[in-house]
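The block underneath contains the structure these notes are about, expressed in structure tokens.
The values are calculated or read from the model by the stated rules, or taken from the named source; none is laboratory data. As the structure is a prediction and not an experimental result, all values here were calculated from the model. Here the Cβ positions follow ideal geometry from the backbone for every residue, glycine too, while neighbour counts run over all protein chains shown.
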Amino acid sequence: MTKTPNILLIYTGGTIGMVKDYKTGALRSFDFEKLVKHIPEINHLKCTINTISFEEPIDSSNMNTDDWVVISEIIEDNYEKFDGFVVLHGSDTMSYTASAISFMFENLSKPIIFTGSQLPIGDLRTDAKENLITSIEIASAQDNGNPIISEVCLYFEYKLYRGNRTTKINSEHFEAFTSPNFPPLGESGVHLKLNKQLIYKPTIIKPLKVRKRLDNNVAIIKIFPGITKVVIESILSSKGLKGVILETFGSGNAPTEKWFINLLKEAIKKGIQIVNVTQCISGSVIMGHYETSVELENIGVISGNDITTESALAKLMYLLGENIPKNKFKYFFERQLRGEITVIE
């Protein structure tokens, strides 16, 4: 007889957990212990559900690396008791958190599904119910007693994505997320269809390792026409800076002025890791493809290939926290660790 899956629901904050006070119009968190009262359809799911909520639920705009550690520890402490995890999170920074958690969990063999909503769960037109119910269903999905999903995912508006491949693209539409450089892992319609050939499957089950050391001494520099030496210099000279995500034009192109290249070169000599990602919503950095990126390649800028900015930032914090030797950092960043980047052999 197949065991009923045990799912842990983790509420961190965000719109999905809010109910409207119709007297004041203000939104407030509701008690997830009363979840079934708000979503009676949960009774039809073939799993048992337990809930844990942050002591003080937070807006995802306030989410930081300490909160990522809290989420990771909740999952780590309950890893053996549950078959899957659903993390309810505000949509604004969900891609950052899902990316970070993917790097923090090494040898993951169970599903961690992030979801949220654009409208509160008590709203008449809410998208929260479908997102939550389907996320629980996905986290419960098994094949011969084993989880079908064994990675960190993000589910939103009928699409299941690899978490570290996502980015938020709309603040108003229900279809708020996309995965620009990797196909959806699944889609919900009349039937829930999972693209099993795309889902990561561990060939060898190894003990779970949770990497909680994240170094947030990093910055993002978005290149724009007319950017000045003063701006670049002030950022690169920031005290304690260890890594920079450089958002460049097109396939990785940036200004070729000597002052710009020299500032980057000096920063790299000081041990600051600089990663090149594209500003485009999709596509890849191809270092050296155009003359405007040849110099970046020559001075040792790391190629982000087709990684998202959110994932690049999380990966940078993760690798810096792991104290990767400076001469090996480029190698580890440019290789695929959790399915976050396309590597062409």
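Within the stretch 323-338, restricting attention to residues that are surrounded by 15 or more Cβ atoms within 10 Å (Cβ to Cβ) and either over 23 Å from Ser109 (Cβ atoms) or in contact with a Ser or Thr (Cβ under 8 Å, 6 or more places away or on another chain) (or both), which residue is modelled with the lowest pLDDT? Steps first, answer last, please.
Start the filter on the stretch 323-338 by keeping residues that are surrounded by 15 or more Cβ atoms within 10 Å (Cβ to Cβ), which leaves 324, 329-330, 332-334, 337-338.
Filter once more, so that each one left must be either over 23 Å from Ser109 (Cβ atoms) or in contact with a Ser or Thr (Cβ under 8 Å, 6 or more places away or on another chain) (or both): 324, 329-330, 333-334, 338.
Details: Ile324: 92, Phe329: 97, Lys330: 96, Phe333: 97, Glu334: 96, Arg338: 97.
Only one residue tops the list, namely Ile324.
Is it fair to say Ser284 is crowded, with 19+ Cβ neighbours inside 10 Å, among the small types (Gly, Ala, Ser), outside the structural domain of Ser91 (by TED's automatic domain parsing) and out of contact with any Phe, Trp or Tyr (no Cβ under 9 Å at 6 or more places or on another chain)? Working first, answer last.
Working: crowded, with 19+ Cβ neighbours inside 10 Å: yes; among the small types (Gly, Ala, Ser): yes; outside the structural domain of Ser91 (by TED's automatic domain parsing): yes; out of contact with any Phe, Trp or Tyr (no Cβ under 9 Å at 6 or more places or on another chain): yes.
Spelling it out, Ser284 is indeed crowded, with 19+ Cβ neighbours inside 10 Å, among the small types (Gly, Ala, Ser), outside the structural domain of Ser91 (by TED's automatic domain parsing) and out of contact with any Phe, Trp or Tyr (no Cβ under 9 Å at 6 or more places or on another chain).
Conditions tested, residue by residue: (1) within 17 Å of the chain's Cα centre (by Cα); (2) of a type outside the set (Phe, Trp, Tyr); (3) surrounded by fewer than 24 Cβ atoms within 10 Å (Cβ to Cβ).
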residue	(1), (2), (3)
Asp77	no, yes, yes
Glu80	no, yes, yes
Asp83	no, yes, yes
Val87	yes, yes, no
Gly90	yes, yes, yes
Ser102	yes, yes, no
Pro111	yes, yes, no
Gln118	no, yes, yes
Ile149	yes, yes, no
Answer residue from the stretch 258-302, given it is over 27 Å from Pro325 (Cβ atoms) and in a helix (DSSP H, G or I) and is modelled with the lowest pLDDT among those: Thr292
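Restricting the search to the stretch 99-114, which residues are in contact with a helix residue (DSSP H, G or I) (Cβ under 9 Å, 6 or more places away or on another chain) and within 17 Å of Pro147 (Cβ to Cβ)? Write out each step before concluding.
Here is the first cut: in the stretch 99-114, the ones in contact with a helix residue (DSSP H, G or I) (Cβ under 9 Å, 6 or more places away or on another chain) are 99-105, 108, 110-114.
The answer is Ile101, Ser102, Phe105, Leu108, Lys110, Pro111, Ile112, Ile113, Phe114.
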The one condition in (1) touching a Lys or Arg at 6+ places or on another chain (Cβ under 7 Å); (2) in contact (Cβ under 8 Å) with a residue 40 or more places away in the chain; (3) among the aromatic types (Phe, Trp, Tyr) that Tyr290 fails to fulfil: (1)
Residue in the stretch 246-260 that is under 21 Å from the mean Cα position of the chain (by Cα), surrounded by 14 or more Cβ atoms within 10 Å (Cβ to Cβ), touching a residue at least 60 places away in the same chain (Cβ under 8 Å) and more than 22 Å from Asn298 (Cβ to Cβ) present: no
Check on Gly304, small (Gly, Ala, Ser) and within 23 Å of Phe182 (Cα to Cα): yes
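Residue by residue, here is whether (1) farther than 25 Å from Asn64 by Cα; (2) among the basic types (Lys, Arg); (3) exposed (fewer than 14 other Cβ atoms within 10 Å of the Cβ) holds:
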{"position": "Asp215", "(1), (2), (3)": "no, no, no"}
{"position": "Val218", "(1), (2), (3)": "no, no, no"}
{"position": "Lys222", "(1), (2), (3)": "no, yes, yes"}
{"position": "Val230", "(1), (2), (3)": "yes, no, yes"}
{"position": "Ser234", "(1), (2), (3)": "no, no, yes"}
{"position": "Val244", "(1), (2), (3)": "no, no, no"}
Qualifying residue in the stretch 197-219 (condition: touching a strand residue (DSSP E or B) at 6+ places or on another chain (Cβ under 6 Å) and more than 30 Å from Ser140 (Cα to Cα)): yes
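Name the one entry in Ser188, Ser179 that is touching a residue at least 24 places away in the same chain (Cβ under 8 Å), hydroxyl-bearing (Ser, Thr, Tyr) and buried (at least 18 other Cβ atoms within 10 Å of the Cβ). Quick ask: steps written out before the conclusion?
On the way: Ser179 fails: touching a residue at least 24 places away in the same chain (Cβ under 8 Å).
Every option except Ser188 fails the conditions.
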Lone qualifier among Leu320, Leu316 - being surrounded by 15 or more Cβ atoms within 10 Å (Cβ to Cβ), part of a helix (DSSP H, G or I) and more than 16 Å from the chain's Cα centre (by Cα): Leu320
